[in-house]
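Asker: Sharing a structure with you now.
The values are calculated or read from the model by the stated rules, or taken from the named source; none is laboratory data. Treat the numbers as computed from the prediction; the structure is a model and nothing was measured. Quick reminder, even Gly has a Cβ in these numbers, built from the backbone with ideal geometry, and neighbours come from all protein chains shown.
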Amino acid sequence: MGLVGLILLLTAANVANLQLVRAGRRRRETAVRLALGATRARIVRYVLTETLLLAALGGVAGAVVAGWSRHVLARAAIAAVVPARRATLIDPIIVLRSE
């Protein structure tokens, strides 16, 4: 669980950094919007809406991938049960005598 938490923390930090870089590159767009008469509240609302939309789409994509991988891992585990069960049914005495 600790490794998963560390990966989640690193991913969140990376996304936050990407958002900061993106905001820095949009300074000109923000200046144009302000020059055209947009209020600061409207610009904040626009940026927050866009960020929340990206977060929601990322969450949906993550849920889809998690659901898909859960089914794949479940099938892989079921496929591994048959050989494991077969290996437990082997009588070591018979195998050792035959060699």
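To keep it simple, each residue is scored yes or no on (1) surrounded by 10 or more Cβ atoms within 10 Å (Cβ to Cβ); (2) within 15 Å of the chain's Cα centre (by Cα).
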| residue | (1), (2) |
| --- | --- |
| GLY2 | no, no |
| LEU6 | yes, yes |
| ARG22 | yes, no |
| ARG28 | no, no |
| LEU36 | no, no |
| ARG42 | yes, no |
| GLY62 | yes, yes |
| ARG86 | no, no |
| ASP91 | no, no |
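Asker: Restricting to segment 45-63, count the residues that are modelled with pLDDT under 90 and β-branched (Val, Ile, Thr).
Answerer: Qualifying residue count, segment 45-63: 2.
Asker: Could you please let me know if ALA84 is at pLDDT below 85, assigned to a helix (DSSP H, G or I) and of a type in the set (A, V, I, L, M)?
Answerer: yes
Asker: Name the pairs whose Cβ atoms lie under 8 Å apart, with the first residue in segment 20-34 and farther than 14 Å from GLU50 by Cβ and without any contact (Cβ under 8 Å) to a residue 12 or more places away in the chain, the second surrounded by 10 or more Cβ atoms within 10 Å (Cβ to Cβ) and not acidic (Asp, Glu), and 6 or more positions between them or separate chains?
Answerer: LEU34/ARG40; LEU34/ILE43
Asker: On to the next question. May I ask you to say which residue of ALA79, ALA66, ALA61, ALA56 is over 26 Å from LEU8 (Cα atoms) and among the small types (Gly, Ala, Ser)?
Answerer: Of the residues listed, the single one that is over 26 Å from LEU8 (Cα atoms) and among the small types (Gly, Ala, Ser) is ALA79.
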